[in-house]
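This report refers to the structure that appears directly beneath it.
The values are calculated or read from the model by the stated rules, or taken from the named source; none is laboratory data. Quick caveat: nothing in here was measured; it's all calculated off a predicted structure. Heads up, the Cβs are rebuilt from the backbone with ideal geometry, glycines too, and the neighbour counts pull from every protein chain shown.
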Amino acid sequence: MYFDVCVARLFSFSGLASVLALLLTAPAAQALDLIDVRDFESLKKLAAERSQQPYDPAAALPEPLASWQYDDYMKVKYRPERATWFDQGLPFWLETFHRGFVQTDLVELFTLNPSPSGDTISQRIAFNTNDFAYDEPLKADEIPPAGHAGFRVVGPFPNQPDAQEMLSFIGSSYFRGRSGNTIYGASARGLAINIAMMQEEEFPDFRAFWIQMPSAESDQIAILAFMDSPSVTGAYRFRLLPGNDVTRVKVQAQVFYRDRPEKIALAPLTSMWMWGDGLEGPPKDSRPSVHDSDGLLIQTGSEEWRWRAFARQSYPSVTSTDVDSLHGFGLIQRNRAFYHYDDHNARYDKRPSVWIKPDMPWPNGRIELLELPGAHEGIDNLAAYWLPPEADVESEQTPSADDTETSTPPAAEISVVAASNQAANQPNDSTETIEPSLEFAYEVSFFAGDPPEHNVLGRATNLNVTRPEKAGEPIELEIRFAGPVLRSLPADSPPSIESKAIAGEICEQELKRTDEGDWILRFGVTLEEDNPGDRPVELSLQLVSEEQPVSETFGYLLPPTEPEFVYPAVYTRQE
């Protein structure tokens with residue numbers, strides 16, 4: 001179904017052999033400690049060393065922090081004047097997060113500072129209760145020296161007078177950013193292991209960070225992070241470039257295996273979708289939509305785009321899209337109208353889209369979308385991620401639907417290299433094999449709406465689903481497509497409709513042009529004879545004119561009946 005194939009190296013091992021050779025030919029050398037990291041190269045050496053050591057879980061959160069509830073945690077406020085680099089004439093400074101409640105992870109923090117000699121000095125950011133204000137009944141002298149849970153980068157966006165939070169790292173390998181014109185919403189993760197499988201997911205942690213002190217004139221800031229988990233260690237380098245329209249975070253990573261996981265997912269994203277287009281909310285909540293993102297967008301070529309509108313089932317679901325050449329993917333908050341949400345507090349209309357763009361197109365893998373029922377809007381229930389060919393596993397998963405045709409592209413150049421002791425010129429008889437590593441690079445962008453490059457093909461901007469009162473009658477759907485190329489089509493020359501369905505059939509298609517030049521597609525869906533009504537219908541539609549696509553491909557996993565959820569009292573207004 002996808003045509004562009006990039007012959008590129010997804011897994012690069014340049015530098016791996018030299019790192020491992022250095023480790024293995026100098027067994028007497030002292031192992032690196034966290035304070036010894038000065039740059040990305042020394043961080044990769046640390047990660048390689050730690051991958052050959054047993055996993056050491058972090059110590060448990062001490063009391064009373066472990067017993068804190070949400071209200072307790074909200075009584076702790078960071079004092080901005082205590083921030084690292086605050087009031088030093090620098091464009092960024094650092095504020096830390098307190099541990100407690102659900103923030104159980106311990107994170108070591110360091111700054112990398114220049115010295116007159118030109119060397120880099122690593123300096124630990126020590127935990128100090130004086131950095132926080134504790135509201136009653138909490139008392140600072142009763143808080144144990146529990147360390148940090150994470151940190152945030154703060155500073156003024158370009159040409160803005162006031163400082164704002166730009167990027168934060170807290171919990172597992174999660175991080176999230178925002179542009180000057182948006183607020184926090186969907187999150188990114190460093191890595192996902194054994195996600196969406198019939199087993200417990202493994203969550204790698206960023207256990208330590210090193211933040212490079214910026215110059216007074218700098219428009220960006222660099223961050224190093226050490227990842228650790230039972231299966232992997234990793235060295236990550238982030239470069240934050242904040243902007244009012246777009247904030248970019250450039251990511252470079254090298255991951256080492258302790259124990260090869262069954263499934264490893266790159267550039268994972270998480271978000272929340274409770275209700276909206278295609279699903280009504282609880283009767284006593286008047287908001288028409290509640291979500292941080294309203295669809296998954298995948299780019300497979302300069303003019304090849306696929307949009308999957310979210311459909312919250314009453315059970316976990318996984319959909320998979322085979323991709324020959326991945327140019328980008330993301331969780332998009334497409335609808336920016338306030339009335340679409342009518343929420344003055346959450347301001348979902350200002351939540352950012354999050355877009356992943358590989359440095360080079362990633363070949364021959366697939367994008368998975370995991371959708372969970374979700375208890376309430378405070379919990380992320382969506383995840384999207386890239387599975388390279390190496391990550392494919394033959395294992396039973398949660399209920400899924402394959403939404404693409406498969407093709408046989410030319411072979412991409414993908415290298416997987418293992419360095420043994422002898423390959424690293426270690427003069428002994430050991431045949432112990434060093435597990436291979438993954439090395440990859442991509443950019444994470446936070447902005448409003450769709451990616452700027454998605455400006456040619458028509459986009460699906462609205463979806464309505466009407467289910468019949470009588471069994472056996474078609475489910476009615478309405479999709480609005482908008483975009484410059486569609487507005488140029490005359491009303492008497494409508495585009496054709498290419499469509500397909502799995503577990504159902506499409507009928508009664510009708511396409512009409514609006515006065516604004518958008519096109520509204522109405523059609524019905526009936527269930528196949530072997531579908532008793534408990535299987536969702538996988539839909540795929542695209543508008544075509546003169547044998548050329550004029551819209552993105554629209555995908556949707558249609559529940560035959562309205563999914564039922566048990567909502568908490570905050571929605572039902574009942575105890």
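Among K500, K512, which is the only one that is in contact (Cβ under 8 Å) with a residue 40 or more places away in the chain, of a type in the set (D, E, K, R) and over 15 Å from V465 (Cα atoms)?
Just a single option satisfies the conditions, and that option is K500.
Quick one: which residue in A267, A346 is modelled with pLDDT of 95 or more and closer than 30 Å to Q52 by Cβ?
A267
Restricting to the range 456-498, and then to whatever is of a type in the set (A, V, I, L, M) and in a loop (DSSP other than H, G, I, E, B), can you tell me which residue is surrounded by the fewest Cβ atoms within 10 Å (Cβ to Cβ)?
A471
Just for the range 78-101: of the residues that are touching a residue at least 40 places away in the same chain (Cβ under 8 Å) and assigned to a loop (DSSP other than H, G, I, E, B), which one is surrounded by the most Cβ atoms within 10 Å (Cβ to Cβ)?
R99
Do we find that S493 is out of contact with any strand residue (DSSP E or B) (no Cβ under 6 Å at 6 or more places or on another chain) and within 25 Å of L296 (Cα to Cα) in this structure?
no
Could you check the range 349-378 and list, in sequence order, the residues that are within 13 Å of G295 (Cα to Cα) and either modelled with pLDDT under 95 or among the aliphatic types (A, V, I, L, M) (or both)?
V354, L369, L370, listed by residue number.
Looking at (1) of a type outside the set (S, T, N, Q); (2) under 22 Å from S289 (Cβ atoms); (3) touching a Pro at 6+ places or on another chain (Cβ under 7 Å), which is the one condition that is false for L527?
Single failed check for L527: (2).
If A225 meets every condition in (1) in a loop (DSSP other than H, G, I, E, B); (2) crowded, with 23+ Cβ neighbours inside 10 Å; (3) small (G, A, S) apart from one, which number is that one?
(1)
Pairs, please: C-beta under 6 Å, at least 6 apart or cross-chain, first residue closer than 17 Å to N113 by Cβ and in the range 33-48, second among the β-branched types (V, I, T)?
Matching pairs, first to second residue: R38/T120; L43/V37.
Determine whether the range 36-50 contains at least one residue that is touching a helix residue (DSSP H, G or I) at 6+ places or on another chain (Cβ under 9 Å), surrounded by fewer than 18 Cβ atoms within 10 Å (Cβ to Cβ) and under 22 Å from G147 (Cβ atoms).
yes
Anything in the range 114-160 that is of a type in the set (S, T, Y) and either outside any strand (DSSP E or B) or loosely packed, with under 12 Cβ neighbours inside 10 Å (or both)? List them, or say none.
Across the range 114-160, the qualifying residues are S115, S117, T129.
Does I183 count as in a loop (DSSP other than H, G, I, E, B), under 27 Å from P388 (Cβ atoms) and either modelled with pLDDT under 95 or β-branched (V, I, T) (or both)?
So I183 fails the test.
Can you find even one residue in the range 501-522 that is surrounded by fewer than 21 Cβ atoms within 10 Å (Cβ to Cβ), aliphatic (A, V, I, L, M) and not in a strand (DSSP E or B)?
There is at least one residue in the range 501-522 that is surrounded by fewer than 21 Cβ atoms within 10 Å (Cβ to Cβ), aliphatic (A, V, I, L, M) and not in a strand (DSSP E or B).
Regarding I195, is this residue crowded, with 19+ Cβ neighbours inside 10 Å and touching a helix residue (DSSP H, G or I) at 6+ places or on another chain (Cβ under 9 Å)?
Spelling it out, it is not the case that I195 is crowded, with 19+ Cβ neighbours inside 10 Å and touching a helix residue (DSSP H, G or I) at 6+ places or on another chain (Cβ under 9 Å).
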